[in-house]
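The values are calculated or read from the model by the stated rules, or taken from the named source; none is laboratory data. From a predicted model like this one, the values you see are computed outputs, not experimental measurements. Every residue, glycine as well, gets a Cβ built from its backbone with ideal geometry; the counts of neighbours run over all protein chains shown. Protein only, heavy atoms only, side chains kept; ligands, DNA and RNA dropped before computing areas. Shrake-Rupley method; radii C 1.70, N 1.55, O 1.52, S 1.80 Å.
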Amino acid sequence: MWILPLVGYLGSIVGFCFLTLAIASGLYYLSEVVEEHTVVAKRFLTRLIYTIIVIQLLLCLVDRFPFFLTLLSVGSHVVYLGNMRRFPYVKLTDPLFLLSCGLVLVNHYLWFKHFSGHQERAYQNMTSYYDMPSNVPTFTEIASYFGICVWLVPFALFVSLSASDNVLPTMGNEASSSGGAGGVGSDGTRARRGQGLIKSVVDNILGAVGGVTSTVGWKKSDDRL
């Protein structure tokens, strides 16, 4: 068979493109919702962080999860909580924000290493090929742990936070000091609302794609209309 494999590859590419567009659309919509309900979003994220910290402690006490990794995860969520002090605005050069990004990667690597090592040791202790290792978490349990306890809060913060694009270059204060999102500044003027990080990324990608299509002649520029 020669044509069918090509059709399979083409279908995979098309499906991946549609999946990417669906995820981007969903994130864009969530960013819009958070911009309109910042108080509710802040309250929800704060309670979510406390809930995950409690889950981490229960896993350590009941299921005997490693103490130092649990301590690292709890400390990471405390750092994530620090980003809520100026919610929904954030400076991309803020040391606390950069530390949060680094802790996400460190947590993912260390917990992945822990679960993979635990499974490897369990399978090495098997005496027969037909034996089933005991006390080994399933793929669903591991994926759920990563989704809830490792990635949920950083992902929610990334969707919710907004770049501080309405701060003057000579000012050291945050965007929230000018009256918050869409508030009134100290000079009596209307403060410009910060744009969500997700919306900013999506808008930049769409602008880059539009520029490329205009360059190669696939899309007519506005001055030709």
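Among the numbered criteria (1) within 18 Å of the chain's Cα centre (by Cα); (2) of a type in the set (A, V, I, L, M, F, W, C); (3) at pLDDT 90 or above; (4) surrounded by 12 or more Cβ atoms within 10 Å (Cβ to Cβ), which single criterion is violated by V34? Here V34 clears every test but (3).
As an exercise: evaluate L48 against (1) surrounded by 12 or more Cβ atoms within 10 Å (Cβ to Cβ); (2) in contact with a Cys (Cβ under 8 Å, 6 or more places away or on another chain) and give the number of the one condition it does not meet. Among (1) surrounded by 12 or more Cβ atoms within 10 Å (Cβ to Cβ); (2) in contact with a Cys (Cβ under 8 Å, 6 or more places away or on another chain), the lone unmet condition for L48 is (2).
For L92, the stated conditions hold: it is touching a residue at least 40 places away in the same chain (Cβ under 8 Å), surrounded by fewer than 17 Cβ atoms within 10 Å (Cβ to Cβ) and of a type in the set (A, V, I, L, M). Restricting attention to the stretch 63-73, does a residue exist that is of a type in the set (F, W, Y), at pLDDT 90 or above and under 19 Å from the mean Cα position of the chain (by Cα)? No; the residues of the stretch 63-73 include none that is of a type in the set (F, W, Y), at pLDDT 90 or above and under 19 Å from the mean Cα position of the chain (by Cα).
Restricting attention to the stretch 76-86, does a residue exist that is aromatic (F, W, Y), within 18 Å of the chain's Cα centre (by Cα) and closer than 30 Å to G117 by Cα? Among the residues of the stretch 76-86, at least one is aromatic (F, W, Y), within 18 Å of the chain's Cα centre (by Cα) and closer than 30 Å to G117 by Cα, which makes the answer yes. When A22, A41 are checked against the criterion of being under 17 Å from L161 (Cβ atoms) and either open to solvent by less than 70 Å² (accessible area, probe 1.4 Å) or at pLDDT below 85 (or both), A41 stands alone in meeting it. Among the residues of the stretch 1-19, the one identified as open to solvent by 70 Å² or more (accessible area, probe 1.4 Å) and small (G, A, S) is S12.
Summed over the stretch 51-81, residues that are loosely packed, with under 14 Cβ neighbours inside 10 Å, over 16 Å from Y145 (Cα atoms) and not hydrophobic (A, V, I, L, M, F, W, C) total 1.
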